[in-house]
Amino acid sequence: MRQPLAVFLAMIAATSAALAADLTLPVESRRPPLTLSIYPDGWGLVWDRRNADLAAGTNRLVFEGVSPQLQPSTAMIDAGPGVRLVDVDYDFALLTPEALLRRSVGKTIGVVRTHPTTGEEKVEKATLLSADNGIVLKYQDRIETGAPGRLVFYDLPTDLRAKPSLLATVEAERAGPTDLTLGYSARGLGWSADYVALWDEKAKLIDLTGRATLSNTSGTSFPSAEISLVAGTVNRETPAIPLPRGRVAAAPMMAEAKSLPTRQEVADLYVYHLPGQVTLPDQRTRQITLLRAPSLAVEQLYVSEAGFVADREAGEPQPQHPQVRLKLANNKDAGGQPLPAGIVRVFTTSADSVPRLIGEDRIDHTPVGGQLKLTPGEAFDITVLRRQMDYKTAGLPENVSESAWSLAVENAKDQAVAVDLVENIPGDWTILAESAPHTKAAADRVVWRVNVPAKGKTDLTFRVRVQS
């Protein structure tokens with residue numbers, strides 16, 4: 001593919017009235033490489049290379065088999081030296097029974113009638129008067145609504161095509177075979193990252209494997225394509241012309257790449273080039289291995305977090321289970337890599353050596369050197385009971401209150417644990433008394449770390465003054 005400096009940018013334009021006959025470039029005329037850049041927001045950039053035997057002068061080219069979700073204003077054609085692009089337009093009119101019927105209004109068609117006993121078929125001609133909300137037919141001696149049998153059409157409208165097509169008018173200085181590269185953006189091509197995290201609790205390590213799920217609901221298939229996955233956030237503006245709605249539902253198709261994709265930094269994005277050529281049929285998904293980051297150090301935390309609500313009439317407290325949180329350092333020297341946003345599924349191996357899912361969490365784009373924080377679930381054997389012991393406003397300034405709290409942490413495990421007790425306190429607050437020192441993690445976030453013995457219990461008490 002030539003460099004962008006050789007690319008003609010094209011906007012939709014009206015087609016000239018008197019042009020040379022159409023030169024159809026069917027899908028079968030594609031020449032390698034067909035190149036796809038797939039973005040996580042459901043868009044793809046297609047570079048489709050084909051060959052055309054151009055005549056000297058004006059040529060009307062028909063690129064068959066483009067995506068019906070093509071955004072016409074993004075069309076680009078690299079026609080090389082000696083070929084000038086005149087205009088480009090996208091043909092939305094597809095050959096369907098409904099379209100053929102509407103194009104035949106006012107024309108003569110045939111109606112096939114089948115004899116109920118002999119099965120003999122007879123064709124009777126009629127003029128199609130209307131195709132709105134049913135059909136109206138004018139026979140030689142009558143007018144009828146509806147059709148008793150199949151319809152026969154005697155000509156094919158020239159503006160209907162069997163496949164979605166992009167049409168281009170070019171001026172060639174000389175005749176001969178020419179390579180043409182069509183580029184366009186289309187909806188219905190997307191990818192997402194998913195991760196499998198195998199957690200070794202004893203070694204305090206996680207093996208992270210990233211997988212890319214590619215989906216194609218663009219309305220066309222892409223055989224033997226060179227595919228790149230773009231990771232990052234790309235700003236897009238809504239096109240002025242609405243796009244046709246794409247189809248949904250895709251049957252999953254699993255595939256393991258022979259080798260991992262190569263990663264390239266492009267501007268402020270990362271691009272993953274899939275090895276070899278990949279066929280991406282329409283209405284399918286394909287999953288490949290994207291990356292591996294083995295032996296990432298992990299720190300396990302138990303966090304019980306509550307939104308602070310002090311009330312004169314506090315209700316009966318309910319026990320809570322703290323969240324299990326895993327903190328991973330995505331360091332380069334430990335195998336860390338740039339991690340595209342996606343869902344992480346955390347597995348751990350039990351005594352019977354069977355990996356089991358313990359929870360899922362979503363991560364944002366994480367650079368090398370960044371930190372992953374996963375919350376796969378809650379701790380079954382640890383409970384926290386928050387109880388309001390006192391509430392006071394008498395003798396205090398307006399909008400000021402004091403409250404006293406008791407937090408009981410119970411641990412049914414066979415080993416001691418540390419639990420972070422987090423209170424999100426709005427307004428201007430002051431801790432007046434406490435049974436253990438706190439940490440001010442943010443302006444409205446107070447954290448106490450308490451150690452709870454195996455099969456034991458630890459209480460935390462504090463009194464706080466809040467000005468709202």
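With a 1.4 Å probe and all protein chains left in place, how much of the accessible area of the stretch 267-384 comes from carbon and sulfur atoms, in whole percent? After summing per-atom areas, the C and S share lands at 48 percent. For the pair SER435 and SER468, a Förster radius of 22 Å applied to the C-beta separation gives a FRET efficiency near 0.30, rounded to the nearest 0.05.
Tell me, what is the percent relative contact order of the chain, built from C-alpha pairs under 8 Å that lie six or more residues apart?
Values: 1176 pairs, mean separation 61.0, N = 468.
Computed value for the chain: 13 percent relative contact order.
Inter-part distance, the stretch 128-147 to the stretch 180-201, computed on C-alpha centroids, equals 51 Å. For the stretch 257-365, the equivalent ellipsoid built from the Cα gyration tensor has semi-axes of 39, 19, 17 Å, listed from largest to smallest. The mean of 1/r over all pairs of different alpha-carbon atoms in the stretch 406-454, once inverted, gives a Kirkwood hydrodynamic radius of 12.1 Å.
The calculated FRET efficiency for the pair ALA454 and THR393, based on their C-beta separation and a Förster distance of 35 Å, comes to about 0.25. Listed by chain and number, the lysines placed with their C-alpha closer than 16 angstrom to that of LYS107 are LYS125, LYS138; residues fewer than eight positions away on the same chain are left out.
For ASP200 and TYR139, calculate 0.36 nm times their separation in residues minus their Cα-Cα distance, and state this gained length in nm to one decimal.
On the way: separation 61, 0.36 × 61 = 21.96 nm, distance 8.05 nm.
Length difference between fully extended and current span is 13.9 nm.
With the cut-off at 1.5 for a/c, could you classify the stretch 42-119 from its C-alpha gyration tensor as rounded, prolate or oblate? Since a/c reaches 1.5 and a/b is larger than b/c, the shape of the stretch 42-119 is classed as prolate. Each principal axis of the stretch 123-245 carries a Cα extent, and these read 90, 51, 31 Å when sorted largest first. Once both labels are positioned 7 Å from their Cα atoms along Cα-to-Cβ, the gap between LEU156 and ALA131 label points is 1.5 nm.
Over the stretch 374-468, the ratio between the Cα radius of gyration and 2.2 N^0.38 Å evaluates to 1.21.
With 25 Å as the limit, write out which pairs from LYS202/LYS413; LYS202/LYS440; LYS204/LYS455; LYS327/LYS440 have Cα-Cα distances beyond it, or answer none. Before the final figure, lay out the partial values.
On the way: LYS202/LYS413 16 Å; LYS202/LYS440 31 Å; LYS204/LYS455 23 Å; LYS327/LYS440 20 Å.
Too far apart for the 25 Å limit: LYS202/LYS440.
Heavy-atom accessible area for TRP43, with the other protein chains in place and a 1.4 Å probe, reaches approximately 20 Å². Across the alpha-carbon set of the stretch 64-107, the Rg to Rh ratio works out to 1.14, Rh being the Kirkwood radius. Orientation-averaged projection of the chain equals 38.4 nm² [convex hull of Cα atoms, one quarter of hull surface area]. How high is the relative contact order of the stretch 119-161? Use alpha-carbon pairs under 8 Å, at least six apart in sequence, and give a whole percent. It rounds to 22 percent for the stretch 119-161. Over the stretch 310-468, the hull volume per residue, using the convex hull of the C-alpha atoms, is 158 Å³.
Using the Cβ-Cβ distance between GLU120 and ASP22 with R0 set to 51 Å, the FRET efficiency from 1/(1 + (r/R0)^6) comes to roughly 0.80. Our note on the geometry: Cα centres of the stretch 442-468 and the stretch 30-95, 64 Å apart.
Over what distance in Å are the Cα centres of the stretch 306-343 and the stretch 351-413 separated? Cα centres, the stretch 306-343 to the stretch 351-413: 7 Å.
Solvent-accessible surface of the chain, taken per residue with a 1.4 Å probe and all protein chains present: 53 Å². According to the calculation over all Cα-Cα pairs in the stretch 123-162, the P(r) per 5 Å bin from zero is 6, 19, 28, 23, 16, 7, 2, 0 %.
Using the alpha carbons of the stretch 91-195, what is the convex hull volume per residue in cubic angstrom, as a whole number? Before the final figure, lay out the partial values.
Details: hull volume 29.0 nm³, N = 105.
Per-residue hull volume (Cα only) is 276 Å³.
The values are calculated or read from the model by the stated rules, or taken from the named source; none is laboratory data. All of these numbers come straight from a predicted model, not from anything done at the bench. Don't worry about glycine lacking a Cβ; one is built from the backbone with ideal geometry, like all the others, and counts go over all protein chains shown. For accessibility, only protein heavy atoms count, side chains too; no ligands or nucleic acids. Shrake-Rupley method; radii C 1.70, N 1.55, O 1.52, S 1.80 Å.
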